[in-house]
Amino acid sequence: MSIEVRHISKSFGAFRALDDVSLAIGRGELVALLGPSGCGKTTLLRVIAGLESPDPPSGAVLLDGEDVSGRGAAGRRVGFVFQHYALFRHMTVFDNIAFGLAARPRARRPTPEQIRARVAALLDLVQISFLADRYPAQLSGGQRQRVALARALAVEPRVLLLDEPFGALDATVRRGLRRWLRRLHADLAVTTVFVTHDQEEALELADRVVLMDAGRIEQVGTPAEVYDEPRNPFVYHFLGHANLFDAEVRGGRTRIGAVEVATEVPSGPGAGRAVACVRPHDLELSRTPGPDALALTVRHVLHVGPVVRVELEDEAGGRLVEAELPRERQSSLALSPGERVFARPRAVRLFPAGTPPGVVPEPGSV
Amino acid sequence: MSAELAPRRATGEPVWLRRSLLIAALAFLVVFLVLPLAVIFQQAFGSGVGAYLRALGAPEARAALALSLLVAAIVVPLNTVFGVAAAWAVGKFSFRGKAVLVTLFDLPFAVSPVVAGLLFVLLFGRDGLLAPLAAAGGIHVLFALPGIILATLFVTVPFVARELIPLMQAQGREEEEAARMLGASGWRTFRHVTLPNVRWALLYGVVLTAARALGEFGAVSVVSGHIRGETTTLPLEVEMLHAEFRGQEAFAVASLLTLVAVASLVAKHVLERRSPRPPGVARGGPA
């Protein structure tokens, strides 16, 4: 079932949560809505579900080409998993999952035996058959998540929407559930949209990622596309740590201060002031000075799992620069705080000046 | 006993101070609450069980009891429906003027019951604003059952709504939204999701409404006209007996009202213990 959102705007008082958003999602896709909190991603999900009505006279929501804008949430056959699950607290797990089937009008309602069989099958699918008689308060976060998902799937939704599905879970459970959801989506092939603020989650799970900021869609693409070809500093910055430098471009050469850096990426401004973005793992640290290296002072050396994160200070401007190196590299370099080092950017991405993260450039200016 | 009552040493106050405060509080409770309660029953049974039963069996007392029960039987369901509807509107929807509405619910608490009674006298008395309406319908409001019901309705409006609104607001709308997403109608959502989640608070609100409906004096006194055996509720009957120096009979009837009060306090205790946690957690709870 495909989803199409056309020119949707939504305001809450003076706050513009969605600003003329359009988006098309293909049948069977797994799409992530990614952005910082307050960017409008949850509002967009709720508009698709029918839980929020967009501002008149703005556009339409189409499910499989059919305009459902006039229909309430109950008539859209959309499965929705709430961030805090919203399980019916006074019902058992079984009754929670059976609710959607039992709530159908008498003519379309399955018999009690059919409902029992369907719930049993769903409990089996989400691997919690042994919890059927428990109440939500007696379940762990991960178990509640599975109940919420089974409940949403019970009504055979055309589309599955998940609001921050892993937000309330701890890191280990989250990883397990992520893998499981990927498999489940592959098995069920139901069009799925989930909201997240975790870029790793979006990149790992989704077929396509929709990046949102301040009520607008900044970029839509596969995880590789948005990561490798970010359209602006916001996308670049949101998909991973980034160091931003003021740079100057002249005659095809890029300078950060007095240092000339190599830029492999052909796109970018032709000449003038620019923002040069460098990922921490693209900064090569060494003790050899040169015209192509930034002189920095080591402030902290942090061992974070498989990598070593080095916090550095720009000697000229005093600004903080972050670099990441493999553990082995640090063992041979043996950097320590207070030391002077030289950083050579391996990959630099240029954006026109005046587009710091969070500020949307005019369409076509990038 | 002192070991059980003594609070954990969370404060640095010396033992003697805590003990004296505790004793002072208990003494206050005994003098102002327990003793009067005991006196009521002592007076009621002062002339023996026979006199007690005779006082309750008197036609006026029985008529007063019947009237009070009738009024409660009409007022409690009406205000329950109103309270649930009001709490649902306030707790689950956003609209303009919500804060004003919530404040209005408290009006009967703020207004003296006597003033409330006078309000109905003004509305339905001679030249009253609504008097032509009542006359057209052939209904006598003042000094009759409709007036007593209206006055009791007015003073018991807040109880159910006030119990439900904070709870419904705390529970939020997500479960209702989930029910809608699953295709449930508005009525089904209310019946199977909203109502079960607040049932203990609702029951408590009903208990409070009933207790107040049976016990209301001021507002009813103004509109009733004190016609013995016709428009006299239990509290009015107590007052009239007392004014006629029939103390033992007055206390016998008063003991009925006291029993209502004690019963509602017990109910409150039981319901408050049940309401905060999801009732289903205690296995075998009515699901």
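Against the test of being surrounded by 16 or more Cβ atoms within 10 Å (Cβ to Cβ), in a helix (DSSP H, G or I) and either within 30 Å of the chain's Cα centre (by Cα) or assigned by TED's automatic domain parsing to the domain that holds residue B:253 (or both), the options B:87, B:38, B:66, B:27 yield a single qualifying residue, B:87. Inclusion of residue A:152 among residues that are at pLDDT 90 or above, closer than 16 Å to residue A:85 by Cα and touching a strand residue (DSSP E or B) at 6+ places or on another chain (Cβ under 8 Å) is warranted.
Among the residues of region A:34-58 satisfying the criterion of being closer than 18 Å to residue B:183 by Cα and among the charged types (D, E, K, R), which is farthest from the other protein chains (Cβ to nearest Cβ)? Checked region A:34-58; the qualifying residue farthest from the other protein chains (Cβ to nearest Cβ) is A:52.
Between A:164, A:201, which is away from every other protein chain (no Cβ under 14 Å) and acidic (Asp, Glu)? Working first, answer last.
Working: A:164 fails: away from every other protein chain (no Cβ under 14 Å).
Matching residue, one of A:164, A:201: A:201.
Could you list all residues from region B:139-179 that are more than 21 Å from residue B:80 (Cβ to Cβ) and within 14 Å of chain A (Cβ to nearest Cβ)?
Kept after step one, since they are more than 21 Å from residue B:80 (Cβ to Cβ), are these residues of region B:139-179: B:139-144, B:147, B:172-175, B:177-179.
Across region B:139-179, the qualifying residues are B:172, B:173, B:174, B:175, B:177, B:178, B:179.
Screening B:135, B:170, B:179, B:211 for residues that are in a helix (DSSP H, G or I), at pLDDT 90 or above and over 30 Å from residue A:148 (Cβ atoms) leaves exactly one candidate, B:211.
Scan region A:59-78 and give yes if some residue there is over 20 Å from residue A:42 (Cα atoms), surrounded by 14 or more Cβ atoms within 10 Å (Cβ to Cβ) and within 13 Å of another protein chain (Cβ to nearest Cβ), otherwise no. Checked against the condition, which is being over 20 Å from residue A:42 (Cα atoms), surrounded by 14 or more Cβ atoms within 10 Å (Cβ to Cβ) and within 13 Å of another protein chain (Cβ to nearest Cβ), region A:59-78 yields no hits at all.
Only one of the numbered conditions (1) of a type in the set (Phe, Trp, Tyr); (2) under 29 Å from residue B:141 (Cβ atoms); (3) not in a helix (DSSP H, G or I) is violated by residue B:159, and that is (3). The one condition from (1) surrounded by 24 or more Cβ atoms within 10 Å (Cβ to Cβ); (2) touching a His at 6+ places or on another chain (Cβ under 8 Å); (3) of a type outside the set (Val, Ile, Thr) that residue A:37 does not meet is (1).
Among the residues that make up region A:163-183, is at least one of them closer than 27 Å to residue A:9 by Cα and in a strand (DSSP E or B)? Scanning region A:163-183, I find at least one residue that is closer than 27 Å to residue A:9 by Cα and in a strand (DSSP E or B), so the answer is yes. Taking each residue of region A:89-105 that is within 7 Å of another protein chain (Cβ to nearest Cβ) and looking for partners that are among the basic types (Lys, Arg) with beta-carbon atoms closer than 7 Å, six or more apart or interchain, yields A:92/A:134; A:99/A:151; A:100/A:151; A:103/B:188.
The values are calculated or read from the model by the stated rules, or taken from the named source; none is laboratory data. Everything numeric here is computed off the predicted structure, so don't read it as measured data. Heads up, the Cβs are rebuilt from the backbone with ideal geometry, glycines too, and the neighbour counts pull from every protein chain shown.
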